[in-house]
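Rule-based calculations on the coordinates, nothing more; no lab input. The shown structure was predicted, so the numbers you read here are calculated from the model rather than taken from an experiment. Reconstructed Cβ throughout: ideal geometry from the backbone, glycine too, with neighbour counts over all protein chains shown.
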Amino acid sequence: MLHTEHFLNFYLFKKICKSVIINIEMRFEMASVFTVFNQKGGVGKTTTVVNLSHALAKIGKKVLIVDMDPQGNSTSGLGFYDFDLMIYDFLMENNGKALYKTNYENVHIIPANREFSGVEIELAKGGDWQFKLKNALEPVINDYDYVLIDSPPSLGILSMMSLIASNYIIIPVQCEYYALEGVSQLMDTINLVKDNFNPNLEIGGVLMCMFDSRTNLSLQVVEEVKNFFKGKVYKTIIPRNVRLAEAPSFGMTILQYDPLSKGAKAYLNLAKEIEGEV
C-alpha cells in the first residue's frame, strides 16, 4: 500500500514538473511586443514599423503589425487598402477576423483608417480601457515572433494602451535640431505606465532616423541622444534616403521598392540587431 502511494506521489510530481516546463517554454515562445512611439510626428515612426516588419520577416520571423494610428499610414504604407474589418473591430468587439495577411510573406496586419479617429472618446466614456489591446492580443500573440504596434504621435489613450500591451518601446528620433524636445514628457509617460500598469515595459532602444553624414548637426544630435539615453541607442542608424521616402507613395516597403538602397540595408541591419545577430 505504501509502495503504491509512493508511486502515485512520484507520478503526480512528474506531471506537475512537466506542466511547469511546458508553461515556461510557452512563455519563452511568446512574441516580443514592441510599440514604436514618439509623440512628435515626422520622426520615422511609421517608416520604422513598416520596414522593420518586412526586414524581420526577411530573416525568418513571423510578424504582426497593429496599426493603432487613426491616420492608418502603416496600413497604406504596405499597400493594404481592401479590408472590411479593422482595429476598431479587433479592440471593441474582439473580432479576430480583423487580422489579415499582407503581400509580404510572414507579415500580417490589423489595419486602421480615419474611421478609427473617434475611438478615444468612446473609450474614455466607457472607462476600463487600459488593458483592452493587451487582452485582445492574448489569443493570437503566440502565433508570432514579433508584434509591432504603430501608435499615434500623441500621449493619448491609444498610445497608453499600446505601451500597456508591450514588452518594449522603440523610440525613433530624428537627427535634427530639437531632437530631444518632449523627451522628458515621453519618459514621464513611460514611467507612469511602468508604475501603474506594466512593470515589465522597457526601452528596447532609441533609433536615430534621417541621419545625414554630410552635416555636423546630425553627428552632434547622435552624440547628444547617446549621452541622454546611455546604452539604449541602437548601433544601426537609419539614413536620410530618397528611396526610403518614396517607397510609401507606391504602397511598398523599402525592401521591395529598392532592396539595394541604403535604407533597405539599414532596416535589415536593425532587424538583425534586435534579433541579436549583430
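General observations
- Label-to-label distance for residue 230 and residue 200 is 2.8 nm, based on points extended 7 Å past Cα in the beta-carbon direction.
- The packing ranking, built from the mean of other Cβ atoms within 10 Å per residue, places the peptides 49-56, 178-185, 235-242 in the order 49-56, 235-242, 178-185, highest first.
- Taking a straight Cα-Cα cut-off under 19 Å and skipping sequence neighbours fewer than 8 places away in the same chain, the aspartates and glutamates within cross-link reach of residue 62 are 25, 29, 105, 138, 143, 145, 150, 273, 275, 277.
- Ordering of 139-146, 262-269 by packing [mean C-beta count within 10 Å, highest first]: 262-269, 139-146
- Extension gain, residue 92-residue 177: 0.36 nm per intervening residue step, less the Cα-Cα distance, totals 26.6 nm.
- Debye, to nearest 20: dipole size of the chain, +1 on Lys, Arg Cβ, -1 on Asp, Glu Cβ: 700
- Residue among 261, 206, 271 farthest towards the positive dipole end of the stretch 121-278, charges placed on Cβ: 261
- For the chain, the 222 nm mean residue ellipticity estimated from helices alone, with every DSSP H stretch of n ≥ 4 adding -39500 (n - 2.57) and the total spread over all residues, rounds to -13000 deg cm²/dmol.
- In the chain, taking the dipole from charged Cβ atoms about the Cα centre, the farthest positive-side position among 156, 221, 127 is held by 221.
- Rounded to 5, the percent of DSSP beta bridges in the chain classed as antiparallel: 5
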